[in-house]
Amino acid sequence: MNLAIDICCALEYCEKLGVVHRDVKKENIFVSSEGIYKLGDFGIAMFLDDMDKTMSAKGTYTCIAPEVYKNGDYSFSSDIYSLGIVLYCFMNNNRMPFLPSDVSVNITHGDREEAIFKRLNGGTISPPQNASEEFSKIIIKACSYEKSSRYKSASELKKDLLLITNSNFALE
């Protein structure tokens, strides 16, 4: 949960500056000595105003948003989608959507390719195995195939994360 909230803070700052990261993935998330998660590697980041439709799709296919893969418009919600995929993996035994969450099941390259194909073509993502019902709903919304169904901003996503975090503290 801390990772999700901290990366939302980073994406909020990006949005404030008009920057789309374009490669949110677990390999680009770092943790400071104080335990704060940081978003790194802005090598392919761009100002939203500088992007046009002639740009090629950039990012890692395991986390890339469907509209980016299909050479559609980038937006801040594209980064939110990628963060949702990262969270999904963390809460699903490090397995992507459409792959078995059971770690005893071997995954082939073909299995990964098929899972990416299903995700990028609108397959319905099942909830991650190890997330609470509330957290699953947030992750699934962040990973929505339709941009219009996703969180519109990192602030909106962070607000929902904080709501379930605070409610969990209230229950303890």
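Nothing in this text is a laboratory measurement; each read-out follows from the coordinates by a stated rule. Note that this is a predicted model, so its numbers are computed, not measured. Here Cβ is always computed from backbone atoms with ideal geometry, including for glycine, and neighbour counts include all displayed protein chains.
Some notes on this structure:
- Point-to-point label distance, Ser132-Val105, nm (Cα→Cβ direction, 7 Å offset): 2.7
- Couplings for the stretch 27-36, taken from phi via the Karplus curve 6.51 cos²θ - 1.76 cosθ + 1.60 with θ = phi - 60°, read 5, 9, 10, 10, 10, 7, 5, 8, x, 9 Hz in order; Gly and Pro are left as x.
- The chain, helix-only ellipticity at 222 nm - DSSP H runs n ≥ 4, -39,500 (n - 2.57), divided by all residues, nearest 500: -13500 deg cm²/dmol
- Projected label distance in nm at Lys38 and Asp73, using a 7 Å step from Cα toward the beta-carbon: 3.3
- Couplings 3J(HN,Hα) for the stretch 146-157, derived from phi with the Karplus relation 6.51 cos²θ - 1.76 cosθ + 1.60 (θ = phi - 60°), are 7, 4, 5, 9, 7, 4, 7, 8, 5, 4, 5, 5 Hz, where x marks Gly and Pro.
- Spin-label model, Lys159/Leu3: points 7 Å from Cα along the beta carbon direction are separated by 2.6 nm.
- Built amide H within the under 5 Å cut-off of Val19, gap 5+: Leu48
- For the chain, fraction of C-alpha pairs farther apart than 27 Å, in %: 22
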